[in-house]
1. Give the long-range amide H neighbours of I244: residues separated by 5 or more places, or on another chain, with amide H under 5 Å away, using H modelled in the peptide plane at 1.01 Å from N.
2. Calculate the dipole size of the range 1-157 relative to its Cα centre from +1 charges on Lys and Arg beta carbons and -1 charges on Asp and Glu beta carbons; express the result in debye to the nearest 20.
3. Antiparallel versus total DSSP beta bridges in the range 50-305: what percent is that, nearest 5?
4. Could you give me the ³J(HN,Hα) list for the range 115-121, computed from phi with Karplus coefficients 6.51, -1.76, 1.60 and θ = phi - 60°, whole Hz, x at Gly and Pro?
5. Report ³J(HN,Hα) in whole Hz for each residue of the range 234-240, in order, from the Karplus equation J = 6.51 cos²θ - 1.76 cosθ + 1.60 where θ = phi - 60°; Gly and Pro get x.
6. Quick check on the range 1-133: take the gyration tensor over C-alpha atoms, sort the square-rooted eigenvalues as a ≥ b ≥ c, and tell me if it's rounded (a/c under 1.5), prolate or oblate.
7. For I336, enumerate residues with amide H under 5 Å from its amide H, sequence gap 5+ or separate chain, H modeled in the peptide plane.
8. Which ordering of H65, H202 is given by a fewest-first count of other beta-carbon atoms within 10 Å?
Amino acid sequence: MAEDVVEQSEKAFDVQKIRSEFLILSLKVNGKPLVYFDNAATTQKPREVISAIKDFYESENGNIHRGVHYLSEKATELYENAREEIKNFINAKSSKEIIFTRGTTESINLAATALCRGGMLKADDEVIISNMEHHSNIVPWQIICNEKGVRLKVIPVTDEGDLDLEAFKNLFTEKTKLVSVVHVSNTLGTINPVEEIVRIAHERGVPVLLDGAQAAAHVQIDVRKIGCDYYVFSGHKMFGPTGIGVFYGKEELLEKLPPYQGGGDMIKNVTFEKTTYDDLPAKFEAGTPNISGGVGLGAAVRFLNSLDRTAVAKYEDELLRYATEKLKVIEGLRIIGESKNKSSVISFVVDGVHPYDIGTLLDAKGIAIRTGHHCTQPTMERFGVSSTARASFALYNTFEEVDYFVDSLRKILKMLR
Ligand SMILES: Cc1ncc(COP(=O)(O)O)c(C=O)c1O
């Protein structure tokens, strides 16, 4: 055990104190203490988030924006405060730029639908994505390709798991209307050079959407520094609840986009002849939203803001490096995704052993990892595998857990081979 590493980084922020905020981490699974290494799928929730949701339903619940009574006003205030907190969290210019959605997937569907509807994407126009996208940044574009004749182009990925930026530059034509790429890959762990990507695209007059689903919990997001035009993420991957996420867009672009869905709460005036839409952000939020989800996401932002994010990032990076070194020396084990700039995700395969068997046998030891294609089948194909085992760490994981995971994996592999 690298005692010096543990001491050094656990001092920077108190991991045991953080763990005490997550009651689920003291769970026993199959008679063993839970080791939760499936954070890229969803993170656990701190007390603060759970309390915010509980308090909301116990003493603050009402429908927002419409009422004159106490509870409606209270719920509206909490929901709109959360929007303001999220605006600050990603350094947006205005809370009008923060649209609540169900999550990353819905945010990208919103973008694809509205851009098409608004005529910003038409037949023969091209959208550039990459070979490390989650299906949610592929399929919504494919749907509009099929419906409208839009075309997709794909940035290749190198053997290390980086975007090939020279190839990226060569993909642009006068038909390119959008670049939509992932900030942090959920399979390879690569942290993409988003500022450079935006610069390259903007030099060619093309707007950029970034999928920040895996970034929000690990990287400090500054949409104005990055310069992106749209940024999307999910609450549940950053210690918030499921069913809530964010679609950020620059105000001037959102003003030009038509609505995604129609219904209540997004209108100024409705007659059978014509409807006028409400101002931002309401224009994009039809119907009663996930109010408690918004409030819970606000609490998740407060939780993250209460931490030294630089110390957290350093700690997670040390966990990643520690686990990588220990896994790399296991015979027949190959790590998929070895970018120099990586988030705390390790995908791996082992010669002659199915990832599913690894996942199942680790579960018997209380260890939660993910196995499969991780909703990135084209990435799997690129690396010549059909599935991987994936361990993904969060700020509450420890070096001791990594030791237990690697020891357990070694025992399992001895049994299976
Ligand atoms: C990189 C990436 N993009 C998009 C998504 C989709 O997120 P959600 O299912 O919360 O909409 C995920 C989820 O795993 C992801 O990892």
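Nothing in this text is a laboratory measurement; each read-out follows from the coordinates by a stated rule. If you're wondering where the values come from, they're calculated on a predicted model, not measured in any experiment. Virtual Cβ from ideal backbone geometry, glycine too; neighbours counted across all protein chains shown.
1. Residues meeting the amide H criterion: G235, H236.
2. For this selection, approximately 440 debye.
3. For the range 50-305, the DSSP antiparallel bridge percentage is about 50.
4. 5, 5, 4, x, x, 7, 10
5. Along the range 234-240, the couplings run 10, x, 6, 8, 10, 6, x Hz.
6. Judged from the Cα gyration tensor, the range 1-133 comes out oblate (a/c at least 1.5, b/c at or above a/b).
7. S347, F348, V349
8. Result, fewest neighbours first: H202, H65.
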